[in-house]
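Please read the structure below before turning to the comments.
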Amino acid sequence: MWSKLPAFLVRHRLAYLLLLLTSVLVLFTLDSTPATAWSSGSRTANRKLANSKLQGAGAVAVLDLNNFHDEVHGAVIWSLQQFAGLDVRLYRPAWRWYFEHSISSFWSSRPRDPQLLIADLREDHSIRHLIMTTSDWDFGKLGGELEAAWDERPHDAKFDITAVRHWAGDMNRFTGMAERGALALLGLGDHVANNLRQSVDEMLGAHREAGNDRAADAWGKVKIRTFIPVFPAGRFPHVGDSIFDPRPDGSNSMDMVVIQSTHFNEEHRNMNDIFTVLNSSLHEDPALWGYAPPNETTPRFTPLPDTSGVFKLYTVGATPSWPPEELKEVVMSRTSYAYPHFYAAMHAADLILPALGGRGYETSRATSTMGVAGSSDVPLLVSETQNAAYGWFCPAFGILRPDDMPEMEYVKLVRQGLIPWPTRGERERAMQDCMDAWTATNMDLWAELFAK
């Protein structure tokens, strides 16, 4: 058996056996186990119970000043809309790139002018909760006005702030709301939440050492939780674009892989390693990938004629990627999609590769790729470290690889038939179960934060 394996796996036989066992178990459970089986405690929240907890909770305002991270808005609005009768008001600039079509199945209201928020908080005391989806930027602009609006309200009509964080950053600016007992922090992944806790602990200690017991006591009471940034994104294929070619439900191929990012520089995505391993694998066995090798007249790998299952790697983002010459018919870029096309392109993939760069995406900072993949019903290949860092991936979504296995090596093993792969129909049914469980978890979170 071992003689048929790539050299990488011959050196890591135990890792391969564990990887194979994990893949088989995931396939076995796709149709037989509800997604809530991988959850426990609050993650198995009953939606009716969550609804009952939010009776009379008051209106919820959702704010973004910067037009950043629309996918987080989609997830927040989706989870809030599951509560019967909850009054949700969105304050942000007009949607960009037709994002409203990707949320039209559950949200149709136009955004309110974000410049009106402070006046509304002062005049309309029915608003009891403010969610700042891009608080990394917004609180620095509005913090003083929010504190003043809070102070102006009577004691029985205060509001609280939930600050969504992509990274910990400077937390001192939130001290005023913490002292008012009106602050909660949400990390977009367990690793961000853990960094928030560490930052809060450090601030708490510094305040205590300086004799500022009021601030220390206040920070000690701030709730810090994880929010799962997913929602069922509306998808509309673009006619004539090969990335949207129909894929049958019974297909279990590994023909299309997508890497998503705004930019494909080393800071954001590790494309050099992706291209190096892919190029090496193509040279080893070009026919496995559906290609003829380069030659003197054609310096690129070219698709074999009359061959099904030709492999393509797409990069999808605001800018193109720049593969080496030999890979220019293997690697394709798609840029500046409208959101409905973007989510359709993600959904079309057999697998999403994070290909994370060097910005701390595994330790302290959230990447949009994780939520975008979940919202698109497509599996995501993650290392053991990434899986532990984010903490919310279900088995059908977060496909595990060993930390030291290159991402393209895993893709090669699937194409070789050494790792089993589900059909698209199986995948989509399992991903729906995951979406239901993620939504219930987020509902339980809001119920905890907003309950009277």
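The values are calculated or read from the model by the stated rules, or taken from the named source; none is laboratory data. If you're wondering where the values come from, they're calculated on a predicted model, not measured in any experiment. We place every Cβ from the backbone using ideal geometry, glycine too, and count neighbours over all the protein chains shown.
Looking for something touching a His at 6+ places or on another chain (Cβ under 9 Å) and surrounded by 21 or more Cβ atoms within 10 Å (Cβ to Cβ) - is there at least one such residue anywhere in region 319-339? Among the residues of region 319-339, at least one is touching a His at 6+ places or on another chain (Cβ under 9 Å) and surrounded by 21 or more Cβ atoms within 10 Å (Cβ to Cβ), which makes the answer yes. Given the condition within 28 Å of the chain's Cα centre (by Cα) and charged (D, E, K, R), answer yes or no: does some residue in region 288-308 qualify? Within region 288-308 (the criterion being within 28 Å of the chain's Cα centre (by Cα) and charged (D, E, K, R)), the answer is no, since none of the residues qualifies.
Restricting attention to region 275-307, the residues being of a type in the set (A, V, I, L, M) and either in contact with a Gly (Cβ under 9 Å, 6 or more places away or on another chain) or outside the structural domain of residue 257 (by TED's automatic domain parsing) (or both) number 1.
Residues that are surrounded by fewer than 17 Cβ atoms within 10 Å (Cβ to Cβ), modelled with pLDDT of 95 or more and under 30 Å from residue 340 (Cα atoms): does region 142-162 have at least one? Among the residues of region 142-162, not one is surrounded by fewer than 17 Cβ atoms within 10 Å (Cβ to Cβ), modelled with pLDDT of 95 or more and under 30 Å from residue 340 (Cα atoms), which makes the answer no. Exactly one residue among 100, 145 is closer than 30 Å to residue 208 by Cα and in a helix (DSSP H, G or I), and that residue is 145. In the set 383, 364, only one residue is touching a Leu at 6+ places or on another chain (Cβ under 8 Å) and closer than 26 Å to residue 198 by Cβ; that residue is 383. Screening the candidates 151, 156, 138 for the property of being under 29 Å from the mean Cα position of the chain (by Cα), among the charged types (D, E, K, R) and not assigned by TED's automatic domain parsing to the domain that holds residue 391 yields one hit, 138. Among the residues examined, residue 26 does not qualify as loosely packed, with under 14 Cβ neighbours inside 10 Å and modelled with pLDDT under 95. For region 347-362, name all the residues that are out of contact with any helix residue (DSSP H, G or I) (no Cβ under 6 Å at 6 or more places or on another chain) and not acidic (Asp, Glu). 347, 349, 351, 356, 357, 358, 359, 360, 361, listed by residue number. Taking region 52-106 as the range and being basic (Lys, Arg) and over 23 Å from the mean Cα position of the chain (by Cα) as the test, the residues that pass are 53, 89.
In this structure, is residue 366 touching a His at 6+ places or on another chain (Cβ under 8 Å), farther than 16 Å from residue 269 by Cβ, buried (at least 21 other Cβ atoms within 10 Å of the Cβ) and not hydroxyl-bearing (Ser, Thr, Tyr)?
Against the criterion (touching a His at 6+ places or on another chain (Cβ under 8 Å), farther than 16 Å from residue 269 by Cβ, buried (at least 21 other Cβ atoms within 10 Å of the Cβ) and not hydroxyl-bearing (Ser, Thr, Tyr)), residue 366 does not qualify.
Filtering region 74-129 to residues that are out of contact with any Gly (no Cβ under 9 Å at 6 or more places or on another chain), of a type in the set (Ser, Thr, Tyr) and touching a residue at least 24 places away in the same chain (Cβ under 8 Å) leaves 79, 91, 98.
When 208, 235, 197, 247 are checked against the criterion of being of a type in the set (Lys, Arg) and closer than 22 Å to residue 446 by Cβ, a single residue qualifies: 197.
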